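The values are calculated or read from the model by the stated rules, or taken from the named source; none is laboratory data. Small disclaimer: the values here were computed from a predicted structure and weren't measured. Cβ: placed from backbone, ideal geometry, glycine included. Neighbour counts: every protein chain shown. Calculation scope for accessible area: heavy atoms of the full protein, side chains included, ligands and nucleic acids excluded. Shrake-Rupley method; radii C 1.70, N 1.55, O 1.52, S 1.80 Å.
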Amino acid sequence: MNNGIVDSSLATIGDTPMVRLQRIVPDGAAQVIVKLEAGNPTGSYKDRMALAIIEEAEHRGDLKPGQRVVEYSGGSTGSSLAYVCAVKGYPCTIISSDTFSEEKIRTMRAFGADVVLVPSNGGLITPDLFDRMRDVLDGIVETEGAYWTDQFHNTDALIGYDALGQEMLRQTERSGIVIDAFCAAVGTAGMLAGVSRTLKAALPDVVVTALEPTTSPMLSAGHAGPHHVEGIATGIVPSLLPADLYDRVLTVDEAVARELAAPLTREEGIFAGTSSAFNIAGALRIAQELGPGHTVATVACDSGLKYLAGDLYRT
Ligand SMILES: Cc1ncc(COP(=O)(O)O)c(C=O)c1O
């Protein structure tokens with residue numbers, strides 16, 4: 001951790017804390033440790049991905065000074081790309097839709113991105129919406145020569161998440177513990193894949209679990225369904241997650257994860273969003289399976305602040 005003055009806010013990405021849960025872990029379970037990613041500049045681990053994707057493209061010469069960057073996104077990725085582009089001076093266009101959260105769209109605009117909103121069918125997220133967003137994106141690539149970051153297929157993202165895995169290894173080593181299991185839900189799967197490949201290189205016995213909503217068991221049962229956990233289980237098998245980077249899949253009941261948000265906040269002081277609570281719900285299940293003397297690690301992706309307008313904290 002560099003505690004001196006840094007010359008760019010980009011240098012403040014990463015080096016996030018890791019906390020051991022104290023009060024919500026049932027007796028007889030393994031310890032659960034959580035990497036808290038809300039301290040990143042836009043409040044989410046996606047900043048790691050955005051910086052890696054932009055800098056790798058710069059190094060290859062795929063992204064030229066002043067070239068426009070374009071992506072389609074419902075939220076966190078768009079915010080992180082808008083942020084990195086703002087600091088580095090690239091114009092940025094994010095294709096989004098009125099169905100995604102107003103806060104996230106405003107965040108992209110706050111960082112100076114042009115946001116193109118493609119109208120949804122009455123607020124629903126439907127496959128044709130993504131087709132129409134993609135058409136707008138293709139038009140911008142063609143007419144403006146923009147660089148498409150292609151978050152669902154871009155393996156540069158994993159480089160950003162390798163650092164997350166390295167930090168976890170250093171933090172656990174300093175505390176004299178070894179990670180037995182790591183789990184997380186997947187959207188693009190960039191985070192799970194990057195962390196998994198780093199942990200598995202150092203800890204060959206670590207068991208990595210991909211989590212998915214019970215109602216959308218794409219990895220475990222091959223079919224998608226509805227759910228309300230932003231950013232995960234997008235209805236595809238993510239191409240960034242090869243079979244050797246996860247050992248098992250666990251389905252988690254979204255309602256159980258949502259109910260965890262209040263005790264996480266009030267008893268542990270961890271202000272979680274829906275996907276963070278989901279990851280921790282999965283980690284608690286695995287901790288009960290493993291029992292005392294073991295360590296389960298997961299990630300709190302962002303902050304509950306991003307979810308105050310939704311129904312997660314509407315009591
Ligand atoms: C809030 C949130 N949580 C979790 C994820 C999943 O992360 P990944 O795409 O690395 O699998 C995303 C991805 O967009 C997200 O926005």
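Taking the stretch 1-38 as the search range and keeping residues that are open to solvent by 60 Å² or more (accessible area, probe 1.4 Å) and of a type in the set (Lys, Arg), which one is farthest from Gly176 (Cα to Cα)? Before the answer, list the steps.
Step one: filter the stretch 1-38 for residues open to solvent by 60 Å² or more (accessible area, probe 1.4 Å), giving 1-3, 5, 7, 11-12, 15, 17, 20, 22-23, 27.
Those left that are additionally of a type in the set (Lys, Arg): 20, 23.
On the way: Arg20: 13, Arg23: 21 Å.
Among those residues, the one meeting the criterion is Arg23.
Give the number of residues within the stretch 62-106 that are part of a loop (DSSP other than H, G, I, E, B), open to solvent by 30 Å² or more (accessible area, probe 1.4 Å) and more than 22 Å from Ser120 (Cβ to Cβ).
Adding up the residues that qualify gives 8.
Looking at Ala221, Ala243, Ala193, which one is of a type in the set (Gly, Ala, Ser), buried (at least 16 other Cβ atoms within 10 Å of the Cβ) and not assigned by TED's automatic domain parsing to the domain that holds Phe130? Break it down into steps so the answer makes sense when it comes.
On the way: Ala221 fails: buried (at least 16 other Cβ atoms within 10 Å of the Cβ); Ala243 fails: buried (at least 16 other Cβ atoms within 10 Å of the Cβ).
After ruling out the rest, the residue left standing is Ala193.
Go through the stretch 102-146 and report how many residues are of a type in the set (Asp, Glu), closer than 20 Å to Gly66 by Cβ and within 23 Å of the chain's Cα centre (by Cα). Step through it out loud before you land on a result.
Going through the stretch 102-146, the residues of a type in the set (Asp, Glu) turn out to be 102-103, 114, 128, 131, 135, 138, 142, 144.
Add one more test, that the residue is closer than 20 Å to Gly66 by Cβ, and what stays is 114, 142, 144.
Filter once more, keeping what is within 23 Å of the chain's Cα centre (by Cα): 114.
Total meeting the criteria: 1.
Out of (1) more than 16 Å from the ligand (Cβ to nearest atom); (2) assigned by TED's automatic domain parsing to the domain that holds Gly282; (3) touching a residue at least 60 places away in the same chain (Cβ under 8 Å), the odd one out for Thr16 is which?
Here Thr16 clears every test but (1).
Among (1) open to solvent by less than 40 Å² (accessible area, probe 1.4 Å); (2) more than 11 Å from the ligand (Cβ to nearest atom); (3) of a type outside the set (S, T, N, Q), which single condition is Pro204 missing?
So Pro204 meets the others, but not (1).
Does Arg48 count as open to solvent by 20 Å² or more (accessible area, probe 1.4 Å) and either farther than 16 Å from Asp302 by Cβ or in contact (Cβ under 8 Å) with a residue 24 or more places away in the chain (or both)?
Numbers: open to solvent by 20 Å² or more (accessible area, probe 1.4 Å): no; either farther than 16 Å from Asp302 by Cβ or in contact (Cβ under 8 Å) with a residue 24 or more places away in the chain (or both): yes.
It is false that Arg48 is open to solvent by 20 Å² or more (accessible area, probe 1.4 Å) and either farther than 16 Å from Asp302 by Cβ or in contact (Cβ under 8 Å) with a residue 24 or more places away in the chain (or both).
Residue under question is Ala257, and the condition is that it be touching a strand residue (DSSP E or B) at 6+ places or on another chain (Cβ under 9 Å) and within 11 Å of the ligand (Cβ to nearest atom); does it hold? Quick ask: steps written out before the conclusion?
Working: touching a strand residue (DSSP E or B) at 6+ places or on another chain (Cβ under 9 Å): yes; within 11 Å of the ligand (Cβ to nearest atom): no.
Criteria not met by Ala257.
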